[in-house]
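Enquirer: Structure in structure tokens, see below.
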Amino acid sequence: MTQIDEAVAIRDGEELDVARVDQFMKEAIPGLEGEPSIRQYPGGASNLTYQIDYGERSFVLRRPPFGHIAKSAHDMLREARVMKALKPVFPYVPEIIAICDDHDVLGCDFYVMERMRGIILRQDFPEGFHLSEGDTRKLCLNVIDKLVDLHRVDVQAAGLGHLGKGPGYVQRQIGGWSNRFRKARTDDVGDFEPVMAWLNDKMPEDITQCLIHNDFRFDNVVLNPDNPFEVTGVLDWEMATIGDPLMDLGNSLAYWIQADDEQPFQILRRQPTHQPGMLTRDEVVEYYMERSGYHADRFDFYEIYGLFRLAAIIQQIYYRFYHGQTTDKRFAMFGQAANYLQKRCLRLIGESDL
């Protein structure tokens, strides 16, 4: 039997004040008794996610990382409010139970949500999870369908129209991520200037604007343990906004490492897209276009943008490690990862006829 995704022991330096968590939880949620058991989910390199259990009652707490963080990053209150508004029209969003902006509790904003019990596919299939090649393809298509469904959400009906900044989303993303990369660059990482210049020169107009997730991956999707083809939850809404859906797809494909990719790219894999039956990146694009009705003559721009954006995210995290603002050893190799992504972007640019 496939294991339901569970939290593990808390990483050193990321412990929560149990007494303060307990007091907040009991004031916010009626009927809690006893002492809480707190563990941490191992995935993620940005916000921290904890499982809090009171006997059979189980919750999830999300907070920003410890240490210095950029002022506009890790906005827990925004994420919680987006989820709360989206839940009635996109039922795969976890229910928000409590929001805290009192820094006397944990020294930061945080929120508590329902725990969605299920299977989460991380780097490899979990123990006991066996699918044929055909069934793996079916699962893959069902997951992509949820991205299509999200892009069809009526933004105004959800009360999320305020997230949009009007036309020019593509341009804002190229400018914004370029600025963020430059600010986070360290001496041991390439400057990405040819990549940023190409993206700035080749960027298309917005194809349309809709609600986008901005971090849609297998390890942010919850599957029904009794029917693993069924998606029951979509997690991690920190970067959700109104934007171009093809940019959203490009972001997802940056993590879509397939079986025939070169070894340096395989090292970055964090979801089981290498399994027999999984769609290739080209097949993902083809299927998404068919289901969504959107069209782009060439997807090169969006693929290279997704890789560059991933490099900028990695570099922002590596900057904190490089300057001693975090000691998490998982981040020690992030500079090398950014350098590899620059090489990959430059190779794809060389192969592009845009």
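Enquirer: Restricting attention to the range 98-115, which residues are closer than 15 Å to ARG57 by Cα, in contact with a Leu (Cβ under 9 Å, 6 or more places away or on another chain) and without any contact (Cβ under 8 Å) to a residue 60 or more places away in the chain?
Expert: MET113
Enquirer: Output the residue which, of all residues in the range 143-167 that are of a type in the set (A, V, I, L, M) and outside any helix (DSSP H, G or I), is nearest to GLY233 (Cα to Cα).
Expert: Residue satisfying both the conditions and the ranking: VAL153.
Enquirer: Between GLU230, GLU205, GLU238, which is among the charged types (D, E, K, R) and touching a Ser or Thr at 6+ places or on another chain (Cβ under 8 Å)?
Expert: GLU238
Enquirer: So, in the range 312-354, how many residues would count as being within 18 Å of LEU199 (Cα to Cα) and outside any helix (DSSP H, G or I)?
Expert: 3
Enquirer: Still on this model: Within the range 11-48, how many residues turn out to be touching a Lys or Arg at 6+ places or on another chain (Cβ under 7 Å) and either of a type in the set (Phe, Trp, Tyr) or at pLDDT 95 or above (or both)?
Expert: So the answer is 2.
Enquirer: Give the range 181-236 a look and list any residue that's among the acidic types (Asp, Glu), crowded, with 17+ Cβ neighbours inside 10 Å and at negative phi, or say none.
Expert: Listed by number, the residues that qualify are ASP206, ASP215, ASP219.
Enquirer: For the range 90-117, enumerate the residues that are of a type outside the set (A, V, I, L, M) and not in a loop (DSSP other than H, G, I, E, B).
Expert: CYS100, HIS103, ASP104, PHE110, TYR111, GLU114
Enquirer: Here's something else I'd like to know. Applying the selection to the range 153-177, what residues are at negative phi and without any contact (Cβ under 8 Å) to a residue 60 or more places away in the chain?
Expert: Listed by number, the residues that qualify are GLN156, HIS162, PRO167, GLN171, ARG172, GLY175, GLY176.
Enquirer: Also, quick follow-up: Against the conditions (1) modelled with pLDDT of 95 or more; (2) surrounded by 14 or more Cβ atoms within 10 Å (Cβ to Cβ); (3) within 30 Å of GLN23 (Cβ to Cβ); (4) not β-branched (Val, Ile, Thr), where does TYR92 fall short? Just the number, please.
Expert: (3)
Enquirer: Now a separate question. So, of the residues in the range 267-297 that are farther than 15 Å from LEU147 by Cα and hydroxyl-bearing (Ser, Thr, Tyr), which turns out to be surrounded by the fewest Cβ atoms within 10 Å (Cβ to Cβ)?
Expert: Ranking the qualifying residues of the range 267-297, first place goes to THR280.
Enquirer: Of everything in the range 169-202, what is small (Gly, Ala, Ser) and under 18 Å from GLN315 (Cα atoms)? Give them in sequence order.
Expert: Across the range 169-202, the qualifying residues are GLY175, GLY176, SER178, ALA184, GLY190.
Enquirer: Further question: Report, by residue number, each residue of the range 238-253 that is modelled with pLDDT of 95 or more and not polar (S, T, N, Q).
Expert: Correct list: ALA240, ILE242, GLY243, ASP244, PRO245, LEU246, MET247, ASP248, LEU249, GLY250, LEU253.
Enquirer: Can I ask one more? Given the options GLU56, GLU114, GLU79, name the one that is loosely packed, with under 13 Cβ neighbours inside 10 Å and charged (D, E, K, R).
Expert: Only one candidate passes the filter, namely GLU56.
Enquirer: Now a separate question. Evaluate the range 184-191: report whether one residue or more is modelled with pLDDT of 95 or more and within 23 Å of the chain's Cα centre (by Cα).
Expert: yes
The values are calculated or read from the model by the stated rules, or taken from the named source; none is laboratory data. Keep in mind that this is a model prediction, so the values were computed, not measured. Here the Cβ is made from the backbone with ideal geometry for all residues, glycine too, and neighbour counts use every protein chain on show.
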